[in-house]
Amino acid sequence: MLVINILGFALISLIVWWFWLYKPRNRMVVKGTVPITVNNGVYTPAQVRVMAGEKVTLSFLRKDNSPCSSIVQFNNLEISEELPLNKTKDISLESLEPGTYPFSCQMQMYRGELIVEGKADE
Amino acid sequence: MSSNNPNKEITLLIEGAGCASCVGKIEGALSEVSGVKTASMNFAQRTVLVTGNANEDELLGAIGSIGYQASLVKQNDTELLDEKEKSEAAYYKRLMKEMTIALALGIPLMLYGLFIGEMTVSTNPERISWLVVGLLTLGIMYFSGRHFYIGAWKSFLNHSANMDTLIALGTGTAWIYSMVVVFAPDAVPLMARHVYFEATAMIIGLIDLGLALEIKARGRTSEAIKRLIGLQPKNARVLRDGEELDIPIEDVVLEDLLRIRPGEKIPVDGVVVEGNTSVDESMLTGEPMPVKKISGDEVVAGSINKSGSVIFKATRVGKDTALAQIIEMVKRAQNSKPSIGRLADVISGYFVPVVMIIAILSALAWLNFGPAPALAFAIVSATTVLIIACPCALGLATPMSVMVGVGKAAEAGVLIRNGEALQTASKISAMILDKTGTITEGSPKVTEIQVTGDYKEEEILSLAASLESGSEHPLALAIVESAQERGIVLSKVANFEAIAGHGVEGSIDSNSILFGNEKLMDERSVSIEHYIASAQRVASEAKTPMYLAINGELAAIISVSDPIKNDSVEAIKRLQANGIRVVMLTGDNRATAQAVAEKVGISEFFAEVLPEDKSIKVEELQAQGEIVGMTGDGINDAPALAQANVGFAIGTGTDVAIESADITLMRGSLHGLADAIAISKATLRNIKQNLFGAFIYNVAGVPFAAGVLYPFFGLLLSPVIAGAAMAFSSLTVVSNANRLRLFKASDH
């Protein structure tokens, strides 16, 4: 029984680590237009890093039929756009302040974030 | 503009391609443009579909270089909507098929377990038959539930978890445990040798059914926007070079002359140049009475021509028409979220991993403290917890109601800018109404001219009108109009100056003329003592007296009356009946303001307010703790509209996108105001019901599924019931939002 309990709590720790504490190592900064595919419950890539002050266009291509995926919203940018099926929808963002801008579907099931980094010399 | 997206599709419309042999040439030229993957021409439609990440300008250039004209085809709303409906219909069909197959196995299995035999494994023949059932279930998981497992896996790799994760884990746990019982019964205590294949099949089937029904219900939430999009006719009849041509409305250009016959929809915005008719604008403005249109009047796309045949000139086409802007604005607002939904968003962000942890804790609790067969109880409770939890209902609660509420408002001619405006409008406690153009018609008329001494009415009117001819103030317009009606010729004005909030001055024929209100006369020491009584009489009739002085001597009092809109009194009563403190604001003199306020049943008013001070009055009310709505025409009142918690602009049916306003009323009636507030209140109530329901459902459902009631009442939820509850919880949210469609604002 002890083993089972330890296993159970190990599993809980794993969940906490995997879903909340884990920080992805991919720190590549992109420029210009970033294609993002919406399919199977996820945005790919789900994390986009850009430099502050630069124009970035997120080009969403929705392949998922589920109605949940049909709207992408950036809550702290007051953006909410409908994504047509199998067609790209460009969302252009200009001169953003450094920070994290999460985007998601209306039900918060599809989740991604746009990370705007400060200039390297700052 | 270039794009890195390799799958971008661009459609080009080719002009001048007269023969089928052009096809190869055009396709070849396009293929040579860098980034083009494929280019295929539909000769019948004269369009080319280009895929790849090519630059649009380069594509157009390539076509030009081989001697053809090309233009980009942007999909219109109607096509997008059609496509959306088609794809939703296909998805619905697929889900229904998947549901049928899953339940075809699930229901017989469940009935067997309930009425015929135990779903336990003790003998070898039983093992074999359950193995067959297990494999069939695996088939169901693949055929009907594949999307859950793929979605769960993909989001797991992404360090995120969603509803798919819960369903995949729940049904997966039940299936794996059952297979362990089948393959290695000895690994499991005797009493726990139970299989749960029926749970897996039933849950998948029920959730597919829930999703399918949700799609249907969601379709209904966007009915309002569908109706608006449907107002756009596909073709227009234009007069070009003396010929009448039927062309697609995308091809109508500015200045085109269009003919509209009775019963037809007006395709683009324009100005009538010939004929007269009456037009039904109710779909756009909510105004039920047809509006008369004569030469010079504006007509808007989407309205229906009732009686006559007219020719009008296109003034706004494509995305610029009022209808297109309304559609765009409603779409945007429908997709925006008021702050009331933010908490639910934060909760849903942590929801799934938390539920997973609860499921593990619940299983551990059963294993440690539960009665025999503890293992079976642990598996059932963990599965049930995973299945019953529904983050979707929480996430859907707000957007679904906003969608219906904003659409409902649009049907009543009320355009709400965003979800936040909707939320704040539901809390308004005080409403400031501008007098001119809001409570009154805003088109004042000269009703009386009282002259002093030997002056003649015509003479006075000529001076006043000459002075005011450059002004856009509604009172000035009344004076000028009146002069025009009498055929009076205007004189030249020198040294003209407008004194904001007071009047105007200038010299005509070397006489210095002063024209304005009592304050102006006071300031310039023009004596009006002898005429106070008659001015007061004018004001008490809700008319505005204006004074004209020549060389410092009062020469006349011109009374101007602005009739009160027929339904202002009733609409103001509606606002007051809803507990809203109604305050009138005007730049007009105190006595006239009082007379108007009395007529419409308002006891509180601010008179003689300078235009720039209007926003200060809004602030004053806010300082008293009121949530203030401000209603004005949106042009002079911009700062006050912006200062108010919710700014309402009274539109004329064509100027829809009034920037400073949170809510635009498309018809002049103040009933729109009461409608807007009633709809906002109803929507917020609906959101609260949804959020409360979704929250309570999860807060009560998860512990119940974990088995907290078992020690007291011996109650434990079946995973199948949990699956049904979960499938219908989001459907309930969508259906409740749909109830709003039946809401009648005019009853409130």
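The set of residues in the stretch B:576-593 being in a helix (DSSP H, G or I), modelled with pLDDT under 95 and either of a type in the set (Ser, Thr, Tyr) or in contact with a strand residue (DSSP E or B) (Cβ under 7 Å, 6 or more places away or on another chain) (or both) consists of B:Thr592, B:Ala593. Suppose the filter is surrounded by fewer than 15 Cβ atoms within 10 Å (Cβ to Cβ), of a type in the set (S, T, N, Q) and over 30 Å from B:Thr383 (Cα atoms); does B:Asn305 pass it? No. In the stretch B:127-177, the qualifying residues are those that are within 14 Å of chain A (Cβ to nearest Cβ), of a type in the set (Ser, Thr, Tyr) and assigned to a helix (DSSP H, G or I), and the one that is surrounded by the fewest Cβ atoms within 10 Å (Cβ to Cβ) is B:Tyr149. Filtering the stretch B:505-523 to residues that are surrounded by fewer than 20 Cβ atoms within 10 Å (Cβ to Cβ) and within 21 Å of B:Val609 (Cβ to Cβ) leaves B:Lys519, B:Asp522, B:Glu523. Highlighted here would be strands (runs of 3 or more DSSP E) found entirely within the stretch A:29-119 that include at least 2 residues which are in contact (Cβ under 8 Å) with a residue 60 or more places away in the chain, of a type in the set (Gly, Ala, Ser) and more than 7 Å from chain B (Cβ to nearest Cβ), but there are none. For the stretch B:673-714, the set of residues classified as hydrophobic (A, V, I, L, M, F, W, C) and closer than 21 Å to B:Glu411 by Cβ consists of B:Leu673, B:Ala674, B:Ala676, B:Ile677, B:Ala678, B:Ile679, B:Ala682, B:Leu684, B:Ile687, listed by residue number. I'd like the residue in the stretch B:301-341 that is outside any helix (DSSP H, G or I) and among the hydroxyl-bearing types (Ser, Thr, Tyr) and, out of all such residues, is nearest to the other protein chains (Cβ to nearest Cβ). Within the stretch B:301-341, the match that is nearest to the other protein chains (Cβ to nearest Cβ) is B:Ser336. For the subset of the stretch A:84-105 comprising residues that are in contact with an Asp or Glu (Cβ under 9 Å, 6 or more places away or on another chain) and among the polar types (S, T, N, Q), which member is farthest from B:Pro399 (Cα to Cα)? So, considering only residues that are in contact with an Asp or Glu (Cβ under 9 Å, 6 or more places away or on another chain) and among the polar types (S, T, N, Q), the one farthest from B:Pro399 (Cα to Cα) is A:Ser95. Taken as a whole, the condition of being small (Gly, Ala, Ser) and surrounded by 22 or more Cβ atoms within 10 Å (Cβ to Cβ) does not apply to B:Ala365. In the condition set (1) more than 27 Å from the chain's Cα centre (by Cα); (2) surrounded by 21 or more Cβ atoms within 10 Å (Cβ to Cβ), B:Arg259 is compliant with all but (2). Residues B:Gly437, B:Gly419, B:Gly405: which one is of a type outside the set (Phe, Trp, Tyr), under 36 Å from the mean Cα position of the chain (by Cα) and within 14 Å of chain A (Cβ to nearest Cβ)? Step by step, each of B:Gly437, B:Gly419, B:Gly405 is checked, and only B:Gly419 is of a type outside the set (Phe, Trp, Tyr), under 36 Å from the mean Cα position of the chain (by Cα) and within 14 Å of chain A (Cβ to nearest Cβ). Residues that are among the β-branched types (Val, Ile, Thr) and farther than 25 Å from B:Met403 by Cβ within the stretch B:281-340 comprise B:Val291, B:Ile294, B:Val299, B:Ile304, B:Val310, B:Ile311, B:Thr315, B:Val317, listed in sequence order. With respect to the conditions (1) buried (at least 20 other Cβ atoms within 10 Å of the Cβ); (2) touching a helix residue (DSSP H, G or I) at 6+ places or on another chain (Cβ under 8 Å), B:Lys234 lacks only one, and its number is (1). Taking the numbered list (1) touching a Gly at 6+ places or on another chain (Cβ under 8 Å); (2) β-branched (Val, Ile, Thr); (3) free of Cβ contacts under 8 Å to residues at least 12 places away in the same chain in turn, B:Val310 passes all entries but (3).
Take the conditions (1) aromatic (Phe, Trp, Tyr); (2) touching a residue at least 40 places away in the same chain (Cβ under 8 Å); (3) more than 14 Å from chain A (Cβ to nearest Cβ); B:Phe115 misses just one of them, which is (2).
Taking the criterion of being hydroxyl-bearing (Ser, Thr, Tyr) and surrounded by fewer than 19 Cβ atoms within 10 Å (Cβ to Cβ), the only residue of the stretch B:693-717 that qualifies is B:Tyr710.
Exactly one residue out of B:Ala359, B:Ala393, B:Ala365, B:Ala378 is closer than 30 Å to B:Ala678 by Cα and within 11 Å of chain A (Cβ to nearest Cβ), and it is B:Ala393.
Residues checked against (1) buried (at least 19 other Cβ atoms within 10 Å of the Cβ); (2) farther than 18 Å from B:Asn162 by Cβ:
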site	(1), (2)
A:Trp17	no, yes
A:Leu21	no, yes
A:Ala52	no, yes
A:Asp64	yes, no
A:Phe74	yes, yes
A:Leu83	yes, no
A:Gly99	no, yes
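Tell me yes or no: at least one residue of the stretch A:87-100 is in contact with a Cys (Cβ under 9 Å, 6 or more places away or on another chain) and at pLDDT 85 or above. Within the stretch A:87-100 (the criterion being in contact with a Cys (Cβ under 9 Å, 6 or more places away or on another chain) and at pLDDT 85 or above), the answer is no, since none of the residues qualifies. With a requirement of 3 or more residues that are of a type in the set (Val, Ile, Thr), the helices (runs of 4 or more DSSP H) lying completely within the stretch B:361-447 that satisfy it span B:374-388, B:391-411.
The values are calculated or read from the model by the stated rules, or taken from the named source; none is laboratory data. Just so it is clear, the structure is predicted and the values come from calculations on it, not from any experiment. Cβ coordinates were reconstructed from backbone atoms using ideal geometry, including for glycine residues, and neighbour counts include every protein chain displayed.
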